[in-house]
1. Among the residues of segment 274-303, which ones are over 30 Å from Ala2 (Cα atoms) and away from the ligand (no atom under 16 Å from the Cβ)?
2. Given the structure, is Val222 aliphatic (A, V, I, L, M) and either touching a helix residue (DSSP H, G or I) at 6+ places or on another chain (Cβ under 7 Å) or not in a loop (DSSP other than H, G, I, E, B) (or both)?
3. I'd like to verify a number: residues in segment 92-134 that are in contact (Cβ under 8 Å) with a residue 60 or more places away in the chain, within 16 Å of the ligand (Cβ to nearest atom), touching a strand residue (DSSP E or B) at 6+ places or on another chain (Cβ under 9 Å) and among the β-branched types (Val, Ile, Thr), how many?
4. Which residues, taken from segment 253-273, are away from the ligand (no atom under 14 Å from the Cβ) and crowded, with 21+ Cβ neighbours inside 10 Å?
5. Anything in segment 14-36 that is in contact with a His (Cβ under 9 Å, 6 or more places away or on another chain) and assigned to a loop (DSSP other than H, G, I, E, B)? List them, or say none.
6. Given the criterion surrounded by fewer than 17 Cβ atoms within 10 Å (Cβ to Cβ), within 16 Å of the ligand (Cβ to nearest atom) and not in a loop (DSSP other than H, G, I, E, B), identify the matching residue among Val89, Val58.
7. Tell me, which residue of segment 103-155 that is under 17 Å from Leu295 (Cβ atoms) and among the hydroxyl-bearing types (Ser, Thr, Tyr) is nearest to the chain's Cα centre (by Cα)?
8. Search segment 37-51 for residues that are in a loop (DSSP other than H, G, I, E, B) and pair each with any residue that is β-branched (Val, Ile, Thr) and within 13 Å of the ligand (Cβ to nearest atom) when their beta-carbon atoms are under 7 Å apart and the residues are at least 6 apart or on different chains.
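The values are calculated or read from the model by the stated rules, or taken from the named source; none is laboratory data. As the structure is a prediction and not an experimental result, all values here were calculated from the model. No Cβ is skipped: glycine too gets one built from the backbone with ideal geometry, and neighbour counts run over all protein chains shown.
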Amino acid sequence: MAVKHFLTVPDLSKDEFEHVLQQAAAWKRQPYGGVLAGKTVALVFGKPSTRTRVSFSVGVYQLGGLPLTLSEQELQIRTSESIEDTARVLSRYVNAIVIRTFAKKDVEDLAAAASVPVINALTDEDHPCQALTDIFTFREHFPDTGRKITYLGDGNNVAASLSEAAALAGIDICLAVPEGCDLPKVKMDSIAMLSESCGTKFWVERDPEAAAAGASALYTDVWISMGQTDDSAKVERLLPFRLDGRLLARALPEALVMHCLPAHRGEEITDEVMDGPQSVVFDQAENRLHAQKALMAYILGGR
Ligand code: CP
């Protein structure tokens, strides 16, 4: 049987995506289980992490398995051993590899050579585990259909995966990004195709107030992502897209404030909205645990 990887959101079908969301709700009610009993999951980090590292570690433990956290610096990967050989070796010891690194191609190469499932825990291009969690969190408040999420800010990995996950979940998504901060064209095109096939809307809006109007959630992320250098011209262009009280007032009265964290308070989001009653940012952080447990249970155990 082919090994099931999760490198981007569309690696799950609509039905698989729904199944994982339902299992995540079950794990949230009943945190412990034995689905990973006797199994080891390698957690490889080439970039810093708080939420991903801790939620995967705790999640594997709660399912009865052993989390093995490794930094790329501690491994021989890239320096004296290829990504492919690292994948072949790790596959002889562990039952799955969760990896956070830089280039998408590195994760694809790792998955191609691995004989165990590989889960993408963030690359420069995608953050699928975050997006799975974000839709789970959104659905906790809005299980109905016909809703819109507006993402404000930089067209980055979080925006890309969120757009794909929204399409699978039947949610419209508007990317409110300034000129010069768009997702790469190839990603825009693939999201547009996915949205069309799912019957949802996906579009870019340059006016943040128009984008926020009627939204059920306003979502933002840092303007300068991990590994990028500060860019004052980019920050200047992004200023009108800051998630603040002014933009939140344009959204639906019940709209959620979302951020994948860590936040640069006062930059892409104000304290007023991040600490306000409509904020679910810390629910998002908690839900990484439940959603990723459901993902691992499905990918490793077909559950
Ligand atoms: N949101 C997120 O991925 O957080 P970490 O970078 O702390 O893992």
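1. First pass over segment 274-303, keeping only residues over 30 Å from Ala2 (Cα atoms): 274-286.
Within segment 274-303, Asp275, Gly276, Pro277, Gln278 qualify.
2. Working: aliphatic (A, V, I, L, M): yes; either touching a helix residue (DSSP H, G or I) at 6+ places or on another chain (Cβ under 7 Å) or not in a loop (DSSP other than H, G, I, E, B) (or both): no.
No, not satisfied.
3. 2
4. So in segment 253-273, the residues away from the ligand (no atom under 14 Å from the Cβ) come out as 253-257, 265-267, 270-273.
Across segment 253-273, the qualifying residues are Ala255, Leu256, Val257, Val273.
5. Answer for segment 14-36, where residues must be in contact with a His (Cβ under 9 Å, 6 or more places away or on another chain) and assigned to a loop (DSSP other than H, G, I, E, B): just Pro31.
6. Val58
7. The selected residue is Thr133.
8. Gly46/Thr101; Lys47/Thr101
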